[in-house]
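Only the coordinates and a few stated rules stand behind these numbers; no lab work does. Quick caveat: nothing in here was measured; it's all calculated off a predicted structure. Cβ coordinates were reconstructed from backbone atoms using ideal geometry, including for glycine residues, and neighbour counts include every protein chain displayed.
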């Protein structure tokens, strides 16, 4: 099937990942050698070569430090979403703390592009059974689409029995579209195939097979995600986190860019909202165009 799939980017720097946060406090972020601007522009150039527009979930802290980067992403026709402000795990926050962080991120992003931001992805997919309360707050704050509930098992995130397809969640504040990171069932386990470390770890033919299976068998678009630091094999090697965390972070960084080229040649990609609209056949799912006025 010539299906449009969602290409998404979580815009954060290499030292801001959740696995390193105990060793790299947020008040030290400004002291680090920032590489997010150059790496994000590399992804933008890659997508431009393949005529792809995607969704960029931008960390509010990054947007505040580099507002021109957000404008550059937006000017190329990509959708801007929130990736929180300070990259704090949702289940480590109170509802009030989460709301404050969400508002701070949204306001910084909207100030940069002059347009409403209505899509959200939690840091490290940290909307789990412990933090489902966050979905209602998202709706209350004007968000329409979430991509945070990973239907798999992981030591930091995931709800293994969550709905893997695109679906609407009814909250007390109203409906919210959920586009989960993509998984394939083999045979009783949901195998993550949607990007990130899984993309770097798996052989490319296996990833292509699994993603194609979602299009063919389920007749659904898949969601793919990547981080700018994943195409940067020259990034500093940090003595942070556990050995497992460092392996997850650094494995096969040198291969990511070439694998992305192949992936973009194999599948059709677009923005998150476009993939939802196609996958559900629902007219009320719409994109906010890059040249539209702020709501």
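Would you kindly state how much longer the chain becomes between residue 50 and residue 173 on full extension, computed as 0.36 nm times their sequence separation minus their alpha carbon distance, in nm to one decimal?
40.4 nm
So how do 17, 117, 184 line up by other beta-carbon neighbours within 10 Å, fewest first?
Details: 17 22, 117 26, 184 19.
So the ranking, lowest neighbour count to highest, is 184, 17, 117.
Below 8 Å, C-alpha to C-alpha, sequence gap of six or more: please give me the relative contact order for the chain in percent.
Across the chain, relative contact order equals 25 percent.
Nearest 5 is fine: what % of DSSP beta bridges in the chain come out antiparallel, could you say? Could the numbers behind the result be given before it?
Working: 8 of 29 bridges.
So the antiparallel bridges amount to about 30 percent of the total.
When the helices in the chain are scored as -39500 (n - 2.57) per DSSP H run of 4 or longer and the sum is shared across all residues, what 222 nm value do you end up with, to the nearest 500 deg cm²/dmol?
Details: 10 runs with 104 residues, N = 295.
Mean residue ellipticity at 222 nm (helix-derived): -10500 deg cm²/dmol.
Applying 1/(1 + (r/R0)^6) with R0 = 51 Å to the Cβ-Cβ distance of residue 30 and residue 209, what FRET efficiency is obtained, to the nearest 0.05?
For R0 = 51 Å, the calculated efficiency reads 0.75.
Order these by the 10 Å Cβ neighbour count, fewest first: 66, 41, 87, 78.
41, 66, 78, 87
Give the percent of DSSP beta bridges with both residues in segment 135-227 that are antiparallel, rounded to the nearest 5.
Percentage antiparallel, nearest 5: 75.
Extent of the chain along each principal axis, from alpha carbon coordinates, in Å, largest to smallest?
48, 42, 38
For each of 259, 129, count neighbouring Cβ atoms within 10 Å of the residue's Cβ, then give the residues from fewest to most.
Numbers: 259 20, 129 12.
In order of increasing Cβ crowding within 10 Å: 129, 259.
In vacuum, with every alpha carbon of segment 75-184 counted as one equal point scatterer, what does the Debye formula give for log10 I(q)/I(0) at q = 0.10, 0.16, 0.18 Å⁻¹? Two decimals, please.
-0.26, -0.68, -0.86
Which FRET efficiency value, to the nearest 0.05, is calculated for residue 155 and residue 237 with the Förster distance at 30 angstrom and r the Cβ-Cβ distance?
0.85
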